[in-house]
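Each remark here refers to the structure printed beneath this line.
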Amino acid sequence: MASSPSFERINYGLRPAKHIERKMMVEAFRRLEPVASLKSYRYVGFGSPYFPDFSLIHRSLGISTMVSIERELSSERRMCFNRPFKCISIEMGEAGEVLSRLEWNHRSIVWLDYDKPLDIPKIADVKAVASSAPSGSLIIVSVNGDPGQLSGRLERQRNALGSMFPFGVVDDDALGGWGTALLFRRVLDDQIRLALDDRNAGLASALQLHYKQFFNFHYQDGVRMLTVGGILFDESARSHVGACGLDDLGFTRDSEEAYLIKAPNLTLREVRHLDRQLPCGSPGDISADFLPEGDVASYFETYRYYPHFADVDA
Amino acid sequence: MKRGLFKLGNYFEVRSDTTSDRFVLKVDVQQWRADPDWHFRFDSIDRQGVESDEAGTMIEVRELHPSVSRDFERQQFLNDLTERIAAVHQDSMDRGLVLSVNGVPINIDPAQLLESDELKAACEEIVLDGTSPVDIKLYTGLGTSSPTAAGWYVFCNGRAVLEADQTIVTGWGADEGETIPRMHNQFARFRGYAFFTCDDAGRLPWTTTKTGVDANSDVFRQARSRMVKLMRPVIDFLNQLDREKDAPPADMELLEDMVNAAQPKRIGELATISRFTAPPRPKVRLPDTQSIQFRVEKERADKAKKVLKVSTLGEVGRRTFDYFYKLECEET
């Protein structure tokens, strides 16, 4: 094996931007009520031993059909021991394997939360969901979008993505900065739509499924990460999707332009000082001249989702 | 061509300018269908030509069918299309045709065969007479080892109609004068190229859709018997190469090393030799021993070992075989 499982290296609970993202996503999920009762959804994710997304989603939304996919066959007992709620079933195996054996008559929120860069097997997982999940389901994918070593970026991604590599991208520089994350979003968008094209072929237009992106997060707790996702819907659900008002949430994005989650480093005392002045119209209304302006602006945008970490002697 | 245009959209325009005349044809497909005679009418014809550097044909399709415009939005479709164009028009592009998709130029891998002082690809040219003669150029030789790329490539007037063919159409598994085995991994280096050229496209051995070979046409049948003849020495050599792996000669340069040292060369630049040539090697004698392997329950093996009073399982096999052979096979 190339490296130890990621859960042994990082405690996902302690990544502030990831934390904010998770809470923003739950706020968006809550808006799905016009499409279908949230309780009726199934959540599919990678729980790892901490299950932060599972806990949050069960507690906040009441979703109680939950599937956690776990590939480390040797850690099955540990995963089962750590599962925070009884309603989480642990499915051992590679994501592609598990996704193809799940029943797909259940409206689902599927979050494929990888920590490695995008490659063909991961795209196959995403397509497995896009080609099976029913109308009203959400597909969300997180991948590492770091450009990596300066030389050979184009070559590396071409090898990783094969014929799925975006057409006409020939410039190595295009992959620097957030360029690799942008490229991955393009590939994912293209492949989800291709899976739907195949699925829709020959179907009456009322039965055809469409995809609307509403998550496009960039964040950087260490390396650059990308989360992209959206909803699958048929014609009868189209107006319900519109009624969710997802576009009103400041952090949703339906295009290539991403929402960058910035988590400022603040002391608890600073946080309390800022909170007492919130909500307010704009970051300029907040008085905190001892803090960098950028941090105040970032906090203004994220304060409702900002995590508070403390050392607890539990 | 019109079938292709109908498949793309509901409106098309063809503008053609030559040095002697020019025309414009605009077709609204729905209107054209309503015409009981299905006539195409020129919108303008001009007997006045243009300067030669302005000559050319432009075909524009508009009002694309939804499935077509959707396909063109998909990155992977554009990649696959590019790959397809490069494969089909490989020969024409090798001879200078420039093609691009959405402004991005298409690159091709030109047809190449390995060549060195000792290793020469075969090249044969046949001309079939007639009012417009058919020119056939055949090449056989070696390429990189790839079971999927191996086989015959057949072009008609520069357009690929068969790629990496490994079927009886191009002689694999044929038994007519020469016997050619079916495709097998040991032939992964085989490459054959057949170029048919004729001013009268009707004489070329392609199907009406120009996407495959008409294997029954006289032209192709004549070519095929030559193709099989040119294949034989390459197949023999590849068999020899394969045998060498089982029993490498101690005192000679390995054929494998020699093949690896050969350089790929564009087929137009190859030395013209009518037979595939490689250094001769003495026939390798197949070993006259064989090994036998089988599994038995451990308990039985241990018991046999004890009865035979031997210490290794190899010895058990050897002794039990000898025992059987002595009692059942020897004729004394």
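The values are calculated or read from the model by the stated rules, or taken from the named source; none is laboratory data. Treat the numbers as computed from the prediction; the structure is a model and nothing was measured. Cβ: placed from backbone, ideal geometry, glycine included. Neighbour counts: every protein chain shown.
Any residue at all in region A:128-146 that's within 14 Å of another protein chain (Cβ to nearest Cβ) and within 24 Å of the chain's Cα centre (by Cα)? Among the residues of region A:128-146, at least one is within 14 Å of another protein chain (Cβ to nearest Cβ) and within 24 Å of the chain's Cα centre (by Cα), which makes the answer yes. Pairing residues of region B:75-87 that are facing chain A (nearest Cβ under 9 Å) with residues that are hydrophobic (A, V, I, L, M, F, W, C) and part of a helix (DSSP H, G or I), at Cβ distances under 8 Å and at least 6 apart in sequence or on separate chains, gives B:Gln75/A:Met164; B:Gln75/A:Val187; B:Gln76/A:Met164; B:Gln76/A:Leu194; B:Phe77/A:Leu194; B:Leu78/B:Phe72; B:Asn79/A:Met164.
For region A:50-78, a residue qualifies if it is part of a helix (DSSP H, G or I) and within 16 Å of the chain's Cα centre (by Cα), and the qualifying residues are A:Pro52, A:Asp53, A:Phe54, A:Ser55, A:Leu56, A:Ile57.
Scanning region A:143-173 for residues being under 26 Å from A:Lys212 (Cβ atoms) and not hydroxyl-bearing (Ser, Thr, Tyr) gives a total of 10. When B:Glu115 is tested against (1) within 14 Å of chain A (Cβ to nearest Cβ); (2) within 30 Å of B:Arg281 (Cβ to Cβ); (3) not basic (Lys, Arg), just one condition goes unmet, and that condition is (1). For region A:268-312, residues that are in a loop (DSSP other than H, G, I, E, B), closer than 27 Å to A:Pro52 by Cβ and not charged (D, E, K, R) total 10. Return the residues of region B:252-267 that are out of contact with any strand residue (DSSP E or B) (no Cβ under 8 Å at 6 or more places or on another chain) and surrounded by 14 or more Cβ atoms within 10 Å (Cβ to Cβ); say none if nothing qualifies. Scanning region B:252-267 gives B:Leu254, B:Leu255, B:Met258.
When each of A:Leu161, A:Leu209 is tested for being more than 30 Å from A:Pro16 (Cβ to Cβ) and touching a strand residue (DSSP E or B) at 6+ places or on another chain (Cβ under 6 Å), the lone residue that passes is A:Leu209.
The set of residues in region B:1-36 being in contact (Cβ under 8 Å) with a residue 40 or more places away in the chain and under 21 Å from B:Glu51 (Cα atoms) consists of B:Val14, B:Arg15, B:Ser16, B:Asp17. Can you confirm whether B:Ser69 is within 14 Å of chain A (Cβ to nearest Cβ), at pLDDT below 95 and out of contact with any helix residue (DSSP H, G or I) (no Cβ under 7 Å at 6 or more places or on another chain)? Yes: the conditions hold for B:Ser69. Per the listing B:Val219, B:Val161, the residue uniquely touching a Lys or Arg at 6+ places or on another chain (Cβ under 8 Å), crowded, with 16+ Cβ neighbours inside 10 Å, outside any strand (DSSP E or B) and outside the structural domain of B:Asp91 (by TED's automatic domain parsing) is B:Val219. Taking the conditions (1) at pLDDT 90 or above; (2) more than 30 Å from B:Glu13 (Cα to Cα) in turn, B:Ala86 satisfies each one other than (2).
Listed here are the residues, each with its yes/no results for (1) within 14 Å of chain B (Cβ to nearest Cβ); (2) without any contact (Cβ under 8 Å) to a residue 12 or more places away in the chain.
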position	(1), (2)
A:Arg193	yes, no
A:Asp197	yes, yes
A:Ser205	yes, no
A:Leu209	yes, no
A:Phe214	no, no
A:Phe217	no, no
A:Gln220	no, no
A:Arg224	no, no
A:Thr227	no, no
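Does region A:244-271 hold any residues that are at pLDDT 95 or above and of a type in the set (A, V, I, L, M), and which are they? Across region A:244-271, the qualifying residues are A:Ala258, A:Leu260, A:Ile261. Might you check whether a residue that is within 16 Å of A:Ser108 (Cβ to Cβ), touching a strand residue (DSSP E or B) at 6+ places or on another chain (Cβ under 6 Å) and among the charged types (D, E, K, R) occurs anywhere in region A:43-57? Yes, that holds for at least one residue. Each residue in region A:248-267 was checked for being in contact (Cβ under 8 Å) with a residue 12 or more places away in the chain and not in a loop (DSSP other than H, G, I, E, B), and 3 of them qualify. Taken together, the residues in region A:159-187 that are surrounded by fewer than 14 Cβ atoms within 10 Å (Cβ to Cβ), more than 9 Å from every other protein chain (Cβ to nearest Cβ) and either among the basic types (Lys, Arg) or under 18 Å from A:Lys116 (Cβ atoms) (or both) amount to 1.
Take the conditions (1) at negative phi; (2) away from every other protein chain (no Cβ under 14 Å); (3) free of Cβ contacts under 8 Å to residues at least 24 places away in the same chain; B:Asp91 misses just one of them, which is (3). Annotation note: of A:Gly47, A:Gly96, the sole residue that is closer than 22 Å to A:Met225 by Cβ, in the same structural domain as A:Leu232 (by TED's automatic domain parsing) and assigned to a loop (DSSP other than H, G, I, E, B) is A:Gly47.
Exactly one residue out of A:Asp173, A:Asp234, A:Asp221 is within 19 Å of the chain's Cα centre (by Cα) and among the acidic types (Asp, Glu): that is A:Asp221. Within region B:248-274, if we keep just the residues that are over 13 Å from B:Glu115 (Cα atoms) and at pLDDT 80 or above, the residue that is farthest from the chain's Cα centre (by Cα) turns out to be B:Leu254. Of the residues B:Glu118, B:Glu124, the single one that is charged (D, E, K, R), over 15 Å from the mean Cα position of the chain (by Cα) and at pLDDT below 90 is B:Glu118. Of the candidates B:Arg232, B:Arg275, B:Arg281, the single residue that is of a type outside the set (A, V, I, L, M), surrounded by 12 or more Cβ atoms within 10 Å (Cβ to Cβ) and in a helix (DSSP H, G or I) is B:Arg232. Is there a residue being assigned to a helix (DSSP H, G or I), surrounded by 18 or more Cβ atoms within 10 Å (Cβ to Cβ) and on the phi < 0 side of the Ramachandran plot anywhere in region B:191-201? The answer is no, given that none of the residues of region B:191-201 is assigned to a helix (DSSP H, G or I), surrounded by 18 or more Cβ atoms within 10 Å (Cβ to Cβ) and on the phi < 0 side of the Ramachandran plot. Residue check: B:Asp135 meets all listed conditions (1) under 22 Å from the mean Cα position of the chain (by Cα); (2) modelled with pLDDT under 90; (3) not polar (S, T, N, Q) but one, namely (2). Just to verify a result, which residue in region B:100-112, among those that are within 14 Å of another protein chain (Cβ to nearest Cβ) and among the aliphatic types (A, V, I, L, M), is farthest from the chain's Cα centre (by Cα)? Taking the candidates together, the pick is B:Val104.
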